[in-house]
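**Student:** Let me begin by handing over the structure; questions about it come next.
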Amino acid sequence: MPLDTPDTAPDATSCDVLIIGGGPAGATAATLLAEKGRHVVLLEKDHHPRFHIGESLLPLNLRIFETLGVADRMAAIGVHKPGARFVSDEHGKHTAFSFAAGLNQDYTYAYQVRRSEFDEVLFSRAREAGADMRQGMRVLDVTLDARAGHRVTARGEDGTLHGFRPRFVIDASGRDTVLAATMGSKARNPHNNTGALYGHFRGVAPFGEAEDGNITIHLFDEGWFWMIPLPDDVMSIGVVSNPGFFKRRRGEARDFFLDTLRAVPSVARRIEGAELVSDVTTTGNYSYASKVMHGDGWLMAGDAYAFIDPVFSSGVLLAMASAEMGADVADTWLDDPARAAPMARAFERKVKRAIGSLSWLIYRINTPVLRDMFMNPSNRFRMREGLVSLLAGDVHVNANRQMPVLAFKAAYHLLSLAHRFGYRLRPDGLVKVAA
């Protein structure tokens, strides 16, 4: 879709790699490619610092922080996160999963972060590495043509159009999905059509006697809530549910959100006396994926390719890990496109496998059987350790072939069969429940 733009003008900027989007995926790829000596231009439509959701990280993020050289900076801005807690009023109990109890003992904790600070650290690191990081630049048009040269047009905040002629394009535009939107390749996930309402509070009561840094997932009949402790006594709280639930909303989003929080006893107890200190934000159609991920001289990374329900806090890790792999593909392609082709296919397989490993749990989080298993966890055949490894984000090791994960899935299917005959898992085993 050509525009009357300066993309063929003499002053169009040529570069090795142009990255669309300055979030975790874009900044990660920019840092790694710039450090390899590539001329990188990154275009970000907003300005850092900016508000963003996705504040709970996973242990496998730490490895990437070390690679980027920002481990100390992340430790300085983050709240130590030892694991995740699941609370069910239906079961009248809670269960905590410590990352230290997982199969991977290299990384046993994570952080909860303000995304405004987190994203700014990553953005600044890319600039330090030598990437040309441009803010306030909205991409208007992308024409992909590896042989003749890709063309990208963006508009600055003053209305000026800017043309770029990159050899390789990485779309890290997040939920804007610039390339997928251009290609018409974005498809809603039919298995998991959810939305969310969220905001920041101050003065939320800890789950126990004192705040322990865990993310807490409060389960309720039609979805779940997150509670993420942030610095300065701020708690990020959100509710995720299906479209039917949100269609009940009457009036302002703020009132509906607060009423929803107060309707669940374990949540209501914690927010009594708390103060809402931010706007209430709504997000719909959480889960989607593009039908294609890469092509000749281009690829999608992070949410620009796919996004899944945030119940297991996987978004930032999947974004940064895919950007790391994508940067290797781009760097190789610039020297030898033929050698990069199998790398791109392996990149796609790994990303899809990671999404699939987490999606198996996500699609079932609202089922009675999986909730029973979370509330009554067993470590027979090391099932609990396998589950913790999935929750920690250790998904690029092909978790589907790990015996503890296979055992957990087998137990789920057996319990699902028992559930059809009226049995539920309880602390003392299978129990026949009233119809």
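Values quoted throughout were computed directly from the atomic coordinates according to the rules given, and no laboratory measurement underlies them. Everything numeric in this text was worked out from a predicted model, so none of it was measured. All Cβ positions, glycine included, derive from the backbone under ideal geometry; neighbour counts span all protein chains shown.
**Student:** Could you pull out which residues in segment 63-94 have an amide N less than 17 Å from a spot 7 Å beyond the Cα of residue 431, following the Cα-Cβ vector?
**Tutor:** The answer is 88-94, whose backbone nitrogens lie closer than 17 Å to the label point.
**Student:** Within the chain, how many Lys pairs that are eight or more residues apart, or on different chains, come under 18 Å at the alpha-carbon?
**Tutor:** Here the count comes out as 4.
**Student:** Taking Rh as the Kirkwood radius, which is the inverse of the mean 1/r over Cα pairs, what is the Rg/Rh value for segment 1-115?
**Tutor:** 1.14
**Student:** Would you list the membrane-span-like helices of the chain, meaning whole DSSP H runs whose alpha-carbon atoms span at least 18 Å along their axis and whose mean Kyte-Doolittle value is at least 0.5?
**Tutor:** Values: long enough: 115-129 (21 Å, -0.79); 315-335 (31 Å, 0.73); 337-362 (37 Å, 0.03); 403-420 (26 Å, 0.71).
Membrane-span-like by this rule: 315-335, 403-420.
**Student:** Moving on. Output the relative contact order of the chain, whole-number percent, from Cα pairs under 8 angstrom with separation of 6+ residues. Write out the running numbers ahead of the final one.
**Tutor:** Details: 894 pairs, mean separation 85.8, N = 435.
Over the chain, the number comes to 20 percent.
**Student:** Here is a follow-up. Could you check which residue among 24, 243, 190 shows the biggest mean-square fluctuation in a GNM of the chain with a 10 Å Cα cutoff?
**Tutor:** Sorting by GNM fluctuation, first place goes to 190.
**Student:** Taking segment 211-317, which trypsin sites (Lys or Arg not before Pro) meet the DSSP loop condition and have no more than 16 other C-beta atoms within 10 Å? List each step's numbers first, then the result.
**Tutor:** Numbers: sites: 247, 248, 249, 250, 254, 262, 269, 270, 291; in loops: 247, 248, 249, 250, 291.
In loop regions of segment 211-317 (DSSP not H, G, I, E or B), the sparsely surrounded trypsin sites (Lys or Arg not before Pro) are 247, 248, 249, 250, 291.
**Student:** What's the magnitude of the charge dipole for segment 195-283 around its Cα centre, counting Lys and Arg as +1 and Asp and Glu as -1 at the beta-carbon? Answer in Debye, nearest 20.
**Tutor:** Details: 9 positive and 13 negative charges, 95 e Å.
Magnitude of the dipole: close to 460 debye.
**Student:** If you don't mind, there's one more thing I want to ask. Kirkwood hydrodynamic radius, computed over distinct alpha-carbon pairs, for segment 102-185: how many Å, to one decimal? If you can, show how the numbers build up before the last one.
**Tutor:** Working: mean 1/r = 0.0632 Å⁻¹.
One over the average 1/r among Cα pairs gives 15.8 Å for segment 102-185.
**Student:** How large is ³J(HN,Hα), in whole Hz, for each residue of segment 220-234 in order, when computed from phi with the Karplus curve 6.51 cos²θ - 1.76 cosθ + 1.60 and θ = phi - 60°, using x for Gly and Pro?
**Tutor:** Calculated HN-Hα couplings, in order: 9, 4, 10, x, 7, 10, 10, 9, 10, x, 10, x, 6, 6, 9 Hz.
**Student:** So, one more: For segment 169-181, what does the Karplus curve 6.51 cos²θ - 1.76 cosθ + 1.60, with θ = phi - 60°, yield as ³J(HN,Hα) per residue in whole Hz, taken in order and with x for Gly and Pro?
**Tutor:** Residue by residue, segment 169-181 yields 10, 10, 8, 10, 7, x, 5, 5, 6, 4, 5, 4, 5 Hz.
**Student:** Can you pull the one-decimal nm distance between simple spin-label points at residue 248 and residue 95, each 7 Å off the Cα toward Cβ?
**Tutor:** 2.6 nm
**Student:** What does DSSP give for the chain in terms of the percent of beta bridges that are antiparallel, rounded to the nearest 5?
**Tutor:** Details: 57 of 80 bridges.
Here the share of antiparallel DSSP bridges comes out near 70 percent.
**Student:** Rounded to the nearest angstrom and ordered from largest down, what semi-axes does the equivalent ellipsoid of the chain get from its C-alpha gyration tensor (root of 5λ)? The partial results should precede the final answer.
**Tutor:** Details: eigenvalues 303, 116, 82 Å².
After diagonalising the Cα gyration tensor, the semi-axes are 39, 24, 20 Å.
**Student:** I want to check the label-to-label distance for residue 378 and residue 140. Put each point 7 Å from Cα in the C-beta direction and report it in nm to one decimal.
**Tutor:** Placing both labels 7 Å beyond Cα along the Cβ direction yields 6.2 nm.
**Student:** A follow-up question, please. Could you work out Rg/(2.2 N^0.38 Å) for segment 286-431, with Rg from alpha carbons only?
**Tutor:** On the way: Rg = 18.3 Å, N = 146, 2.2 N^0.38 = 14.6 Å.
In units of the globular-protein estimate, segment 286-431 measures up at 1.25.
**Student:** Find the percent of Cα-Cα distances in segment 142-186 that exceed 17 Å, and round it to a whole number.
**Tutor:** Values: 406 of 990 pairs.
Tail fraction, whole percent: 41.
**Student:** With a sphere of radius 14 Å drawn around the Cβ of residue 218, what net charge do the other residues whose Cβ falls strictly inside it have (Lys, Arg +1; Asp, Glu -1)?
**Tutor:** Working: positive: 85, 93, 262, 269, 270, 371; negative: 89, 90, 221, 222.
Residues near residue 218 contribute +2 overall.
**Student:** Here is a follow-up. If packing is taken as the average count of other Cβ atoms within 10 Å, what order do 418-429, 88-99, 319-330 fall into, highest mean first? All intermediate terms of the calculation are to be shown ahead of the outcome.
**Tutor:** Numbers: 418-429: 12.6, 88-99: 16.6, 319-330: 26.2.
Ranking the peptides 418-429, 88-99, 319-330 by packing returns 319-330, 88-99, 418-429.
**Student:** Right, another one. Could you derive backbone 3J(HN,Hα) for segment 213-219 from the dihedral phi with the Karplus parameters 6.51, -1.76 and 1.60 (θ = phi - 60°), listing whole Hz in sequence and x where the residue is Gly or Pro?
**Tutor:** Coupling constants for segment 213-219: x, 5, 6, 10, 9, 9, 7 Hz.
**Student:** Follow-up question, since we're still on this one. Taking the Cα centre of each part, how many Å lie between segment 127-175 and segment 323-343?
**Tutor:** 19 Å
**Student:** So if I place +1 on the C-beta of Lys and Arg and -1 on the C-beta of Asp and Glu, and nothing else carries charge, what would the dipole magnitude of segment 37-192 be about its Cα centre? I want it in debye, nearest 20. Before the final figure, lay out each step's value.
**Tutor:** Working: 22 positive and 19 negative charges, 76 e Å.
Approximately 360 debye in magnitude.
**Student:** Magnitude of the Cβ-charge dipole of the chain, K/R +1 and D/E -1, about the Cα centre, nearest 20 debye?
**Tutor:** On the way: 50 positive and 50 negative charges, 375 e Å.
The dipole of the chain has a size of about 1800 debye.
**Student:** What order, most packed first, do the peptides 148-158, 107-117 have when packing is the mean number of other Cβ atoms within 10 Å of each residue? Intermediate values should be presented prior to the final figure.
**Tutor:** Details: 148-158: 17.2, 107-117: 20.4.
Answer by packing, highest mean first, reads 107-117, 148-158.
**Student:** Given a Förster distance of 51 angstrom, what is the FRET efficiency for residue 160 paired with residue 269, based on the Cβ-Cβ distance and rounded to 0.05?
**Tutor:** Values: r = 54 Å, r/R0 = 1.05.
My answer for the efficiency is 0.40.
**Student:** When 1/r is averaged over all different Cα pairs and the result inverted, which Kirkwood radius in Å belongs to segment 365-432?
**Tutor:** On the way: mean 1/r = 0.0808 Å⁻¹.
Over segment 365-432, the inverse of the mean reciprocal pair distance is 12.4 Å.
**Student:** Further question on the same structure: Between residue 298 and residues 5 or more places away or on another chain, which pairs have amide H atoms under 5 Å apart, with H built 1.01 Å from N, and which residues are they?
**Tutor:** Here 169 satisfy the definition.
**Student:** What number do you get for segment 202-244 when its Cα radius of gyration is normalised by 2.2 N^0.38 Å, N = residues? Present the calculation step by step, with values, prior to reporting the outcome.
**Tutor:** Working: Rg = 11.6 Å, N = 43, 2.2 N^0.38 = 9.2 Å.
Expressed relative to 2.2 N^0.38 Å, the Cα Rg reads 1.26.
**Student:** May I ask you to order 36-43, 352-359 by the average number of other C-beta atoms within 10 Å around their residues, highest value first? Intermediate results must be reported in sequence, preceding the final value.
**Tutor:** Values: 36-43: 21.4, 352-359: 19.2.
Ranked by mean Cβ neighbours within 10 Å, highest first: 36-43, 352-359.
**Student:** While we're here: Lys/Arg Cβ at +1, Asp/Glu Cβ at -1, dipole of segment 207-329 taken about the Cα centre: which of 267, 236, 277 is farthest positive-ward?
**Tutor:** 267
**Student:** Size of segment 228-310 along its principal axes in angstrom, Cα-based, largest extent first?
**Tutor:** Principal axes ranked by extent give 56, 34, 21 Å for the Cα atoms.
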